[in-house]
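The values are calculated or read from the model by the stated rules, or taken from the named source; none is laboratory data. Being a predicted model, the structure only gives us computed values, none of them experimental. Cβ placement follows ideal geometry from the backbone for every residue including glycine, while neighbour counts extend to all protein chains displayed.
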């Protein structure tokens, strides 16, 4: 229903370009949009469809107020809309993954011995950029293949400049050690050119060169070298075969496929670079924005930040604000950009492939959601929880020989890790050998904060048995946290309820401080989820503990040297990265660090060389 007050605001809207903000009756921001003409655009939302409903469901149900900001141009409105969405995070705007998840590979050919490194930002700095890659796993696979075929250096510049002897990468044949003069700049440049051709997908000429080189090695009876080249050739050929799609007529292009079903929308972007399909990006949204507005908002968010903009973007429909988007993209790219809705030919086929990927991805996603919902509901039933545990937190404590106790708190949401909610604690008051007190301290610190924020998980899981459960329950009761379910999970012990694998082997769950535990069926999905959560908490705690011990060891080693205090220690670590980097540096390089004196550099150099000799003799 459009109230009288809201109707008056709609009637008074200006005709200039600008940004509009929809709010509910409590003042919560629901949606931010841009418009070339505010009055006509905003009023279009409140026009009834054929069945009498308003155009978008949240307009009909929630919108009670509208605000606006006029701008000098539609492009200025686009930029303001982007900034407001990122800052205010309205409930019904698209929420793309943060730009940090986007990765490319960077190679600067102007460097004497360039290396290929992952990067999250694209700069106009003369370097070559390859990608984008959907995730860090895709980057790692690409680099692993590339380094098995082209022996480029992988070390940081500080290590490269300070090295005096070849490293392990040289020993295993993955680097020709230019750092110590075993490879000329000209030879290295040939490897760089070969790597660039591989990354660009131009491998036909390269395969022919490798075949010729392999034949020459065989003719000279250099059979080991021929065998290595044969393996490289097989890897290269397999990689090219896996490419799967050849879009030679497209050059650099992105194809954006959309599929809607059951209130969900999946958008898949296929990235073609140098005529080859190199990677994909996928996003799932839950809303019913009109198609033109969805595409317009998606484009403006997706290509903001550091994402490269190709010369051609293929779309299923014309986006809202098309001309403004093109102008904005051309400025960001520094060249021509075309938005096209192809109807036939190779471009249409690539767009169909993107749409089919979107359909299959959404199907797989909804199936997974249904399975996860079933697992969480079975957990609720099995342990008599008050609600399905959509938000689960798990706490674990870690210590070694009764020293340096730390604790972790990890979170899962809808059955998947929620790393933004991960927390770690250095245990301060509990004795290192008292695991119950350590868990109690971690629980108190975590949920005292939850009380302040008024944000609680549905279920808290403790890694441990009955004693750990009691320690956690006592703290939660003392804090007044009554609306959170609590269980603990432990291995081994006495027989309990359910199927028993054998004493000492089964996973047991405690839901109260007394009575028999539940014994979990090993192949049940809910058992695997609890094990995964418990193991992730354990991994995170162990990782934190190792880092803490490493920092303590490093601090004690450097603190033992006259003239090296906290300020100089931080500066040294920022420059060399580790004690190993300092150990391979010269006195002059150590003295060049901010805050270091020549005397302190001599002391540090002598101490590190002495400890290095001691370790070698041992």
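With respect to residue 376, is the statement that it is within 23 Å of residue 266 (Cβ to Cβ) and touching a strand residue (DSSP E or B) at 6+ places or on another chain (Cβ under 7 Å) true? So residue 376 fails the test. Only one entry in 286, 318 is without any contact (Cβ under 8 Å) to a residue 60 or more places away in the chain and in contact with a strand residue (DSSP E or B) (Cβ under 6 Å, 6 or more places away or on another chain), namely 286.
Picking from 449, 423, 473, which residue would you name as being under 16 Å from residue 408 (Cα atoms) and in contact (Cβ under 8 Å) with a residue 12 or more places away in the chain? Give the steps one after another, and end with the answer.
Working: 449 fails: in contact (Cβ under 8 Å) with a residue 12 or more places away in the chain; 473 fails: under 16 Å from residue 408 (Cα atoms).
Every option except 423 fails the conditions.
Of the strands (runs of 3 or more DSSP E) lying entirely inside the stretch 378-487, those carrying at least 1 residues that are over 25 Å from residue 507 (Cα atoms), modelled with pLDDT under 90 and more than 30 Å from the chain's Cα centre (by Cα) are 403-413. Answer yes if at least one residue in the stretch 205-219 is loosely packed, with under 14 Cβ neighbours inside 10 Å and modelled with pLDDT under 70, and no otherwise. Scanning the stretch 205-219, I find at least one residue that is loosely packed, with under 14 Cβ neighbours inside 10 Å and modelled with pLDDT under 70, so the answer is yes. When 8, 37 are checked against the criterion of being surrounded by fewer than 17 Cβ atoms within 10 Å (Cβ to Cβ) and within 18 Å of residue 297 (Cβ to Cβ), 37 stands alone in meeting it.
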